[in-house]
Amino acid sequence: MRDEDLTKPIELDKGAKPEIDREAVTRPVNSSAVVTHASEGVISPEPAFRAADAEDTGQIVLPEELSGKRPAAPIASPTFPEADPAETALFLGAFFQELARCGVKDFVVSPGSRSTGLAMIAFETVGEVYVDVDERSAAFFALGLAKATGNPVGVICTSGTAPANWMPAVLEAEASRVPVLFLSADRPPRLQKIAAHQTTDQQDLFAGHVKAFYQMPLPAGDDKTVTYARQVALDAAIAAHGAMPGARSCDGGPVHVNFPLEEPLKPALLEEVRPRLERVGAARTLPPTVVPGQVLLPNDTAGLLRVIAGKRVVALCGEGSANSASDVEALVEFAQKRNVPLLADPLSGLRCSDASCVMSNYDSVFGHSVAPMPEVVVRFGRWPVSKRCAEALGSCGATQLVVDMRDTRDAMATTTTFVRTTPVAFARALAAAEGEAAADRDFFESWAAIDEKAGERIGQVGTLIDMDSFEGAYVDALFDMVPADSLVYAASSMSIRAIDTFYRANGRPIEVLCNRGLSGIDGTLSSAIGAACAYEQTTVLAGDLAFLHDANALSLQWELRTREHRGAGVRPSIVIAVLNNNGGGIFDLLPQRSSEDYFERLFLTPQRFHIKELAAAFEVSYRKATTVAGFRRAYTDFLGTPGISIIDIEVPLGGMRERYERFW
């Protein structure tokens, strides 16, 4: 009888006495032996060892191994080959050496045991790393740094729940097209699915949210395996970069590489294996990729010019439309030559220009005036922050030309023609094309006039009697003072909306970034501090809930000091301006607004925490501002101060709608 047969009843004729296999019932069969219930006519399993004549005595007889009469044979423990530290170093060294060749020079490490090899070899390869003990914060730090530089940034962590903490940043990187390499350590295959410590299934952990996933083999030192490590590094960097390396919000994205690692976890030093490492594919003098220009063909350019010729046309410039001063020049030249007003989102990169074709007050125009409506909309990238603008232009019935490197990103479902190229390539092609074909000049001038008038109205915010209790007055003051060539990193929710209204084009080169892929408030401070490492001066604008949600990022104050002490660069100056209304004031503008009890409890959610004490815990400089003049003084004092400083701006929680609607 097979063991599995003992786990199910066996039918007998009623009243029949079954034969008993005396030999079978005196030896253990798993944890059960067979007994008879003749009255029911079945044999069923019952935990026991029975005597040879079960009916006579019912005595339990143990096998000799268990009774002590005969010693049990020893059970040999399975053996597995240990990792060779030199081979681990060779395998990982090839991987990180290739990443460095592809321009990946920044890594953020969250300490862990299983990730020892990844952290050590990354450190040896690039000479210095960033360290953030919180994996969630580390992932957003990397996202911010990658967003600021346009280059992939690597994140390293141990196994178990550690990589799961990356998920919010993975989703934001996916939606915002930010190149981040997520490098997770894992237990070896022999420990999978048997409840081993700190072990879970990390293969394809982020499913369809990464551009590519690679499951690495266990490290080995043979030429084929080392060459494979190099190839995966190259492919991962290519996938993260996308079709246009260095261009923000273009075609980049997150990539996940999972490394199973066997003990001992500490690799040999790279210097010990460098001769072998150099022998296996290291001497590559050519660049890792050659990216062709995204030039439009002459026939396509001519056809697009015919679409806009003589028509009322606007260009809606979304996040990342311009990534450099030359990009701004190209878009402005196109707009001026072809009579196309540029409706510039605060994240477009265009509000640093004071050219008459750049419209920075269009959100107020759509709220206060009868906006001139176009016949053709050219949209660069995603829809803008302004909901009024998106709704107006999405429902006006205009021809919609969507210019993007990957897809339409069209939640309004209005696309007429998709042009697969970059905004800059589109602008240069249409500006350089032969002929004088252009859009309606009168329409262009009407937009310029109405945008200028809206800007004058918004500029009056600094003269309001109640300006000290209005967020807009503080944001207006900030952009009046923010230094040229510096970064402003905004939280989602009200912060970026306030910037959309009160950041008027002024000709000063300023970079404005925000996590608008999924518009979450999580990870704001970590992202901003990461991005700040690419600038001398950064200003962070956040509400109190976004600040609280990522307050542990203030621990990076010590990391910035440590890197400076180690000679890894000068500490950037980071001023965090907190618009502190003690709750979720944005809901005062939304349909949830109510005088009922549920509104404050479920939506306004006042927190009543003390930013001053929190700042002191992390040795962060702190000032409180209750007036715009006080904010100006504190901001001036903190500019250029190394490390993180906080200005706590006190504003009311209620009445936000009434305060803003004067300008919306």
Flag if SER364 is surrounded by 22 or more Cβ atoms within 10 Å (Cβ to Cβ) and assigned to a loop (DSSP other than H, G, I, E, B) | no
Single condition VAL540 does not satisfy, out of (1) under 18 Å from the mean Cα position of the chain (by Cα); (2) surrounded by fewer than 24 Cβ atoms within 10 Å (Cβ to Cβ); (3) closer than 24 Å to THR605 by Cα | (2)
Among the residues of segment 656-663, is there at least one that is part of a loop (DSSP other than H, G, I, E, B) and not charged (D, E, K, R)?
-> yes
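Conditions tested, residue by residue: (1) assigned to a strand (DSSP E or B); (2) among the basic types (Lys, Arg); (3) modelled with pLDDT under 95; (4) farther than 25 Å from GLY381 by Cβ.
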{"site": "SER519", "(1), (2), (3), (4)": "no, no, yes, no"}
{"site": "LEU525", "(1), (2), (3), (4)": "no, no, no, yes"}
{"site": "TYR535", "(1), (2), (3), (4)": "no, no, no, no"}
{"site": "GLU564", "(1), (2), (3), (4)": "no, no, no, yes"}
{"site": "ILE586", "(1), (2), (3), (4)": "no, no, yes, no"}
Single match in LEU556, LEU525, LEU579 (criterion: aliphatic (A, V, I, L, M), in contact with a Gly (Cβ under 6 Å, 6 or more places away or on another chain) and under 21 Å from SER621 (Cα atoms)) = LEU579
Which of (1) modelled with pLDDT under 95; (2) open to solvent by 80 Å² or more (accessible area, probe 1.4 Å); (3) in a loop (DSSP other than H, G, I, E, B) does GLU619 not meet, given it meets every other one?
-> (1)
Enumerate the pairs (first residue in segment 462-476 and within 16 Å of ASP500 (Cβ to Cβ); second residue anywhere and in a loop (DSSP other than H, G, I, E, B)) with beta-carbon separation below 8 Å, excluding pairs fewer than 6 apart on the same chain, so at least 6 apart or on different chains.
-> PHE470/LEU464; PHE470/VAL651; GLU471/ASN581; GLU471/VAL651; GLY472/PHE663; ALA473/LEU464; TYR474/VAL651; VAL475/TYR503
Here are some conditions: (1) touching a Lys or Arg at 6+ places or on another chain (Cβ under 9 Å); (2) touching a residue at least 60 places away in the same chain (Cβ under 8 Å); (3) among the hydrophobic types (A, V, I, L, M, F, W, C). VAL104 meets all but one. Which one does it not meet?
-> (1)
Would you say ALA528 is surrounded by 23 or more Cβ atoms within 10 Å (Cβ to Cβ) and out of contact with any helix residue (DSSP H, G or I) (no Cβ under 7 Å at 6 or more places or on another chain)?
-> no
Given the conditions (1) open to solvent by less than 20 Å² (accessible area, probe 1.4 Å); (2) in contact with a Gly (Cβ under 8 Å, 6 or more places away or on another chain); (3) polar (S, T, N, Q), which single one is not true for THR421?
-> (2)
Contact list, first residue from segment 359-385 and without any contact (Cβ under 8 Å) to a residue 40 or more places away in the chain, second anywhere and open to solvent by 10 Å² or more (accessible area, probe 1.4 Å), beta-carbon distance below 6 Å, six or more apart or interchain, is PHE366/ARG388; PHE366/ALA392
When restricted to ALA429, ALA438, ALA433, the only residue crowded, with 19+ Cβ neighbours inside 10 Å, in contact (Cβ under 8 Å) with a residue 24 or more places away in the chain, over 22 Å from CYS250 (Cβ atoms) and not basic (Lys, Arg) is ALA438
Filtered residue count, segment 555-588, keeping only those that are open to solvent by 40 Å² or more (accessible area, probe 1.4 Å) and under 27 Å from ILE649 (Cβ atoms) | 6
Only one of these is over 20 Å from TYR489 (Cβ atoms), of a type in the set (Gly, Ala, Ser) and in contact with a His (Cβ under 8 Å, 6 or more places away or on another chain): SER184, SER159. Name it.
-> SER184
Which residues, taken from segment 456-469, are open to solvent by 10 Å² or more (accessible area, probe 1.4 Å) and part of a helix (DSSP H, G or I)?
-> GLU456, ARG457, GLY459, GLN460, GLY462, THR463, MET467, ASP468, SER469
Counting only residues in segment 367-395 that are buried (at least 24 other Cβ atoms within 10 Å of the Cβ) and of a type in the set (Gly, Ala, Ser), the one modelled with the highest pLDDT is identified as SER386
Matching residues, segment 618-658, being of a type in the set (A, V, I, L, M), more than 13 Å from PHE470 (Cα to Cα) and touching a helix residue (DSSP H, G or I) at 6+ places or on another chain (Cβ under 6 Å) | VAL620, ILE644, ILE646, ILE647
Of ALA398, ALA439, ALA448, ALA477, which residue is at pLDDT 95 or above and over 25 Å from VAL370 (Cα atoms)?
-> ALA477
Kindly indicate whether LYS193 is exposed (fewer than 14 other Cβ atoms within 10 Å of the Cβ) and not in a helix (DSSP H, G or I).
-> yes
Just one of (1) outside any helix (DSSP H, G or I); (2) under 24 Å from LEU143 (Cα atoms); (3) of a type in the set (A, V, I, L, M, F, W, C) trips up PHE609, so point out which.
-> (2)
The condition from (1) at pLDDT below 80; (2) assigned to a loop (DSSP other than H, G, I, E, B); (3) over 21 Å from PHE470 (Cβ atoms) that VAL570 misses is numbered (1)
Hey, does segment 470-491 have a residue that's under 17 Å from ALA315 (Cα atoms), surrounded by 15 or more Cβ atoms within 10 Å (Cβ to Cβ) and out of contact with any Lys or Arg (no Cβ under 8 Å at 6 or more places or on another chain)?
-> no
For segment 112-159 the number of residues that are touching a residue at least 40 places away in the same chain (Cβ under 8 Å), β-branched (Val, Ile, Thr) and surrounded by fewer than 22 Cβ atoms within 10 Å (Cβ to Cβ) is 5
Verdict on LEU347 being part of a strand (DSSP E or B) and surrounded by 20 or more Cβ atoms within 10 Å (Cβ to Cβ) = no
Touching a residue at least 60 places away in the same chain (Cβ under 8 Å), more than 24 Å from SER469 (Cα to Cα) and either open to solvent by 10 Å² or more (accessible area, probe 1.4 Å) or charged (D, E, K, R) (or both), is that true of GLU596?
-> no
Answer from GLU391, GLU329, GLU333 - the residue that is more than 23 Å from ARG508 (Cα to Cα), of a type in the set (Asp, Glu) and either over 26 Å from the mean Cα position of the chain (by Cα) or not in a helix (DSSP H, G or I) (or both) = GLU391
Given the conditions (1) on the phi < 0 side of the Ramachandran plot; (2) touching a strand residue (DSSP E or B) at 6+ places or on another chain (Cβ under 8 Å), which single one is not true for ASP204?
-> (1)
When ALA542 is evaluated against the numbered criteria (1) small (Gly, Ala, Ser); (2) part of a strand (DSSP E or B); (3) under 21 Å from VAL133 (Cβ atoms), which criterion, by number, is the only one it fails?
-> (3)
Check whether at least one residue in segment 503-515 is among the basic types (Lys, Arg) and farther than 22 Å from GLY455 by Cβ, and report yes or no.
-> no
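The values are calculated or read from the model by the stated rules, or taken from the named source; none is laboratory data. Please read all numbers here as calculations on a predicted model, not as lab measurements. Every residue, glycine among them, receives a Cβ derived from its backbone with ideal geometry; neighbour counts consider all protein chains shown. We work out accessible area using only protein heavy atoms, side chains counted, and drop any ligands, DNA or RNA first. Shrake-Rupley method; radii C 1.70, N 1.55, O 1.52, S 1.80 Å.
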